[in-house]
Amino acid sequence: MIPTIKTFEEYQQQYSLSVQNPEAFWEEKASYFQWRKKWDKTLEWNFQEPNIKWFRGGKLNITENCLDRHLAERGDETALIWEPNDPEEHFRKFTYRELYNKVCQFANVLKNNGAKKGDRICIYMPMVPELAIAVLACARIGAIHSVVFGGFSAQSIADRIQDAQCSLVITSDGGFRGNKEVQLKTVIDDALVQCPSVKKVIVLTRSRTPIAMIKGRDVWWEDEIKKVETLGLNECKAEEMDAEDMLFILYTSGSTGKPKGVVHTCGGYMVYSAYTFQTTFQYNPGEVHFCTADIGWITGHSYIVYGPLLSGATSLMFEGVPTWPNSGRMWDIVQKYKVNILYTAPTAIRSLMSFGLEPIKGKDLNSLTKLGSVGEPINEEAWHWYDDNIGQKRCPITDTWWQTETGGIMIAPIAGVTPTKPGYATLPLPGIQPVLVDENGKEIVGNGVSGNLCIKFPWPGMLRTTYGDHERCRVNYFATYPGLYFTGDGCLRDQDGYYRITGRVDDVLNVSGHRIGTAEVENAINMYSDVVESAVVGYPHDVKGQGIYAFVICTPHLNDDELTRKDILMTVSRIIGPIAKPDKIQFVKGLPKTRSGKIMRRILRKIAEGDIANLGDTSTLLDPAVVDEIKAGALISV
Ligand code: WT7
């Protein structure tokens, strides 16, 4: 365990040390892990190419740190608790030893099916323990996992599989979420029509829905486990990895085109996910940690699987949704497992808030000691509701700002140590050097200022590249402000030096904590046969944080708006997934464009927000009359 920070003075000291001598700071953090061979160089970097290497020459396997290392000391302690979607179904628990055995077995299954070090493996699974086992088994044999969230469509999966040239897919027949059953294998079958690189599909039994099993390609998880058991292959020696070998790829949306594959590496990600877990949450051995994210997102990677297991913690994973079978489900889970740390998203808090206090009545929440928030700005009302009713004013709230690209938490109060302020992610963790810059990339110094949030020094958990396209990584993150990593977020630093993230400054939306590119949604809408052109913007949404507002030009002959709307929603669902479906679709005859043909999104954003009186300067528009037509038809309910 990395020593925790006990006082605010200690935080300040650690922070200064981390800026004065970052290498010594991170060497010390890295020394708490098991390395097969120590690194020869702590850090090599430039943000121009970019080239970032942490712990160069170090050899390790992250699963030895997640599992093997704990066997002697806490082999019989619980590593993973699984709460099923249906509260009537039996929960499952795995000790560190049991999880170790399962991971070794499945690692052998992967090997038996031809997987080897460096191969890319796509995982498309519901939130069942086998998902965590599959992730760790990949890491064990040195295969690079690419987990795709279970809500993405066949087309999205196909794009990701092709981009990474995956050779194997791990999925399940189906899955359960609330009162819905999801058909995962059928979606995979549709995706694989376009993916010749995939040679094998391993299918876990979960929902027992009828599925196609293709001879020579598809095998059952359970049969394959039996085979390795018969062969006595219960141990699997971990593959030796270089610190800078890829650990995983995770696709995330950007402001343009297709999602990009963010690459994280073995050594740096290991140190960073564990360090941030232990530091931010002030993790104490024996505590039960409940992160409500899906493993399909970075939050699940870092704070359900890797961070907690690296720390020898008990991690709780939940298959279902917070409002099913009723809106008290989350609190039932907290009570049932005596959860100590609850880490969830503002959208979940706002959704639960809307049910009032009734669902909390009679639920024992006294086990809770620390609360976390992640994924989007948390509004003050939600912050206070969380503090008053869930934390009962005794639990520090840590509002954690970070990104898929950062690998772990970057700016957040250290639970119980950093004085909090509702709506503020407060201060950077030791090791993180944020700066605010103006439009020209000039650093804005001092307090009581706002600007674009950048990071000026590398940290071990940062992305190394975007898979298969390093130039894209450079252009996206390192070219806007030379010498800095640009986050894409706007931010203010108040009089006390506290940071408040104000939201994306690029064309990326954050809908219920899910990141979606406007261009991505537009591309999907434009696939619909009768759409001529579209423009998508975000608008404030009470529960989701942001909603998706689409302005759409259709071919003139259409006369059934309602049906067209439904068709467009279906098209977006098919192309991206249900999470990208617009909340509002307004049919328009034209879009506000400049003389050079650029859509003026600023105007559309104002209209979507309902701020019609303040459209600003529209004189540079090619046809200002377009704006009047759009204003007249605006779908404003707020
Ligand atoms: C974007 C990253 C961090 C893991 C989950 C999302 C927004 C994230 C906060 C926060 C305000 C936040 C930012 C960021 N965001 N956390 N505490 N306060 N905004 O990861 O999908 O990569 O999205 O989410 O805009 O850039 P992601």
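The values are calculated or read from the model by the stated rules, or taken from the named source; none is laboratory data. This one's a predicted model, so the numbers in the text were calculated from it and none came from an experiment. FYI the Cβ positions are ideal-geometry reconstructions off the backbone, even for glycines, and counts take in every protein chain you see.
Apart from one condition, residue 576 fits all of (1) surrounded by fewer than 16 Cβ atoms within 10 Å (Cβ to Cβ); (2) out of contact with any Leu (no Cβ under 7 Å at 6 or more places or on another chain); (3) more than 21 Å from residue 540 (Cα to Cα); the exception is (1).
Per-residue answers, yes or no, for (1) more than 10 Å from the ligand (Cβ to nearest atom); (2) surrounded by fewer than 20 Cβ atoms within 10 Å (Cβ to Cβ); (3) under 25 Å from residue 454 (Cβ atoms):
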position: 390; (1), (2), (3): yes, no, no
position: 394; (1), (2), (3): yes, yes, no
position: 405; (1), (2), (3): no, no, yes
position: 421; (1), (2), (3): yes, yes, yes
position: 425; (1), (2), (3): no, no, yes
position: 430; (1), (2), (3): yes, no, yes
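Go through the residues of the range 487-494 one by one and say whether even a single one is out of contact with any Leu (no Cβ under 6 Å at 6 or more places or on another chain) and more than 23 Å from residue 545 (Cβ to Cβ). No, the range 487-494 contains no residue that is out of contact with any Leu (no Cβ under 6 Å at 6 or more places or on another chain) and more than 23 Å from residue 545 (Cβ to Cβ).
Please work out which residue is modelled with the lowest pLDDT, limiting yourself to the range 459-515 and to residues that are within 12 Å of the ligand (Cβ to nearest atom), surrounded by fewer than 23 Cβ atoms within 10 Å (Cβ to Cβ) and not in a strand (DSSP E or B). Here the residue is 513.
Closer than 23 Å to residue 87 by Cα and buried (at least 19 other Cβ atoms within 10 Å of the Cβ): is that true of residue 340 in this structure? So residue 340 passes the test. Taking the criterion of being away from the ligand (no atom under 14 Å from the Cβ) and in contact (Cβ under 8 Å) with a residue 40 or more places away in the chain, the residues of the range 432-443 that qualify are 433, 435, 436, 437, 441. Scanning the range 506-542 for residues that are in contact with a strand residue (DSSP E or B) (Cβ under 9 Å, 6 or more places away or on another chain) and farther than 25 Å from residue 375 by Cα gives 525, 526, 528, 530, 531, 532, 533, 534. Is it fair to say residue 246 is touching a Leu at 6+ places or on another chain (Cβ under 8 Å), touching a residue at least 60 places away in the same chain (Cβ under 8 Å) and either under 22 Å from residue 473 (Cβ atoms) or buried (at least 19 other Cβ atoms within 10 Å of the Cβ) (or both)? The answer is no for residue 246.
What is the residue count in the range 340-381 for residues that are more than 17 Å from residue 541 (Cβ to Cβ), within 12 Å of the ligand (Cβ to nearest atom) and of a type in the set (Ser, Thr, Tyr)? Selection size over the range 340-381: 3. Restricting the first member to the range 265-276 and to residues that are under 16 Å from residue 244 (Cβ atoms), and the second to residues that are at pLDDT 95 or above and of a type in the set (D, E, K, R), the beta-carbon pairs closer than 6 Å and six or more apart or on different chains are 265/244; 265/464; 266/245; 271/29. Any residue in the range 42-63 that is small (Gly, Ala, Ser) and not in a strand (DSSP E or B)? Yes: one or more hits.
Being in a helix (DSSP H, G or I), out of contact with any His (no Cβ under 8 Å at 6 or more places or on another chain) and of a type outside the set (Lys, Arg) is not true of residue 618. Candidates 328, 296: the one that is assigned by the TED database to the domain that holds residue 72, farther than 22 Å from residue 414 by Cβ, surrounded by fewer than 24 Cβ atoms within 10 Å (Cβ to Cβ) and within 16 Å of the ligand (Cβ to nearest atom) is 296. With respect to being touching a helix residue (DSSP H, G or I) at 6+ places or on another chain (Cβ under 6 Å) and either of a type in the set (Ser, Thr, Tyr) or surrounded by fewer than 21 Cβ atoms within 10 Å (Cβ to Cβ) (or both), residue 549 fits the description. Restricting attention to the range 484-536, report how many residues are over 20 Å from the mean Cα position of the chain (by Cα) and within 21 Å of residue 152 (Cα to Cα). Total meeting the criteria: 8.
Looking only at the range 284-305, residues that are of a type outside the set (Gly, Ala, Ser), in a loop (DSSP other than H, G, I, E, B) and in contact with a strand residue (DSSP E or B) (Cβ under 7 Å, 6 or more places away or on another chain) come to 3 in all.
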